Amino acid sequence: RYHELQWATSQRAYAQCHFRSKMATHFHKDENYFYITERLKKIIQFKRHDLVQEPITARYDLIFCRNVMIYFDARLKEQVLKRLYQALEDDGYLIIGYYDMLPDVARQWFRLHCAKQKIYQKIQNVKF
């Protein structure tokens, strides 16, 4: 759930980045809070995953990998970002944390969609 003030701030930030979603379809408001609809909860997968040791076997439209890569060296970042790239659907999005940085090599795999929110979109047909 999100308090309406958090929601307003988040909505303004995403609107500035032209990151459009069907918020009215996926959220409902009850007094001062917004909630994810039951329909959306049923299709979202929340998982713990060892990004270093385990391959990612599913495909995702959106991956949040926030404030994780700040702890990785350059080689490990590249390895993890390749896995995330391969796990994303063709037009999928990767959202990283405020302090996370995409290494230069990864800029050929992801295009910046919104700098303020650290949203990147997968570039299709990249060969490793």
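A short reminder: the numbers here are calculations on the coordinates, not readings from a lab. What you see is a predicted model; the values in this text were computed from it and never measured. Note that each Cβ is placed from the backbone with ideal geometry, even for glycine, and that neighbours are counted across all protein chains shown.
Enumerate the amide H contacts of Phe27 below 5 Å, restricted to partners 5 or more residues apart or on another chain; note that Pro and chain-start residues carry no placed amide H.
Thr37
Using label points projected 7 Å from each Cα along Cα→Cβ, tell me how many nm separate Lys41 and Lys116, to one decimal.
The modelled label-to-label distance comes out at 3.1 nm.
Using a cut-off of 25 Å between alpha-carbon atoms, which lysines can reach Lys127, once sequence neighbours fewer than 8 places away in the same chain are excluded?
Filter leaves Lys77, Lys82, Lys118.
Would you kindly derive the ³J(HN,Hα) couplings of the range 33-43 from the backbone phi angles with the Karplus curve 6.51 cos²θ - 1.76 cosθ + 1.60 (θ = phi - 60°), listing them in order in whole Hz, with x for Gly and Pro?
Couplings: 10, 9, 10, 6, 5, 4, 4, 6, 4, 5, 9 Hz.
With a ≥ b ≥ c the root eigenvalues of the C-alpha gyration tensor of the range 25-81, is it rounded (a/c under 1.5), prolate (a/b larger than b/c) or oblate?
prolate
Please get the size of the charge dipole for the range 17-112, origin at its Cα centre, with Cβ charges of +1 on Lys and Arg and -1 on Asp and Glu, quoted in debye to the nearest 20.
140
For Asp100, enumerate residues with amide H under 5 Å from its amide H, sequence gap 5+ or separate chain, H modeled in the peptide plane.
Here Asn67 satisfy the definition.
With a/c under 1.5 counting as rounded, go ahead and sort the range 40-128 into rounded, prolate or oblate using the C-alpha gyration tensor (a ≥ b ≥ c being the square roots of the eigenvalues; past the cut-off, prolate if a/b is larger than b/c, else oblate).
Since a/c stays below 1.5, the shape of the range 40-128 is classed as rounded.
Using the Karplus curve 6.51 cos²θ - 1.76 cosθ + 1.60 with θ = phi - 60°, what ³J(HN,Hα) values do you get for each residue of the range 82-90, in whole Hz, with x for Gly and Pro?
Residue by residue, the range 82-90 yields 5, 5, 5, 4, 5, 7, 7, 5, 3 Hz.
Taking K and R as +1 and D and E as -1, what net charge do the other residues with C-beta under 14 Å from the C-beta of Ala58 add up to?
Spelling it out: positives minus negatives among the neighbours equals +1.
Starting from the Cα of Tyr71, step 7 Å along the direction of its Cβ; do the same at Val126; then give the gap between the two resulting points in nm.
So the two model labels end up 2.4 nm from each other.
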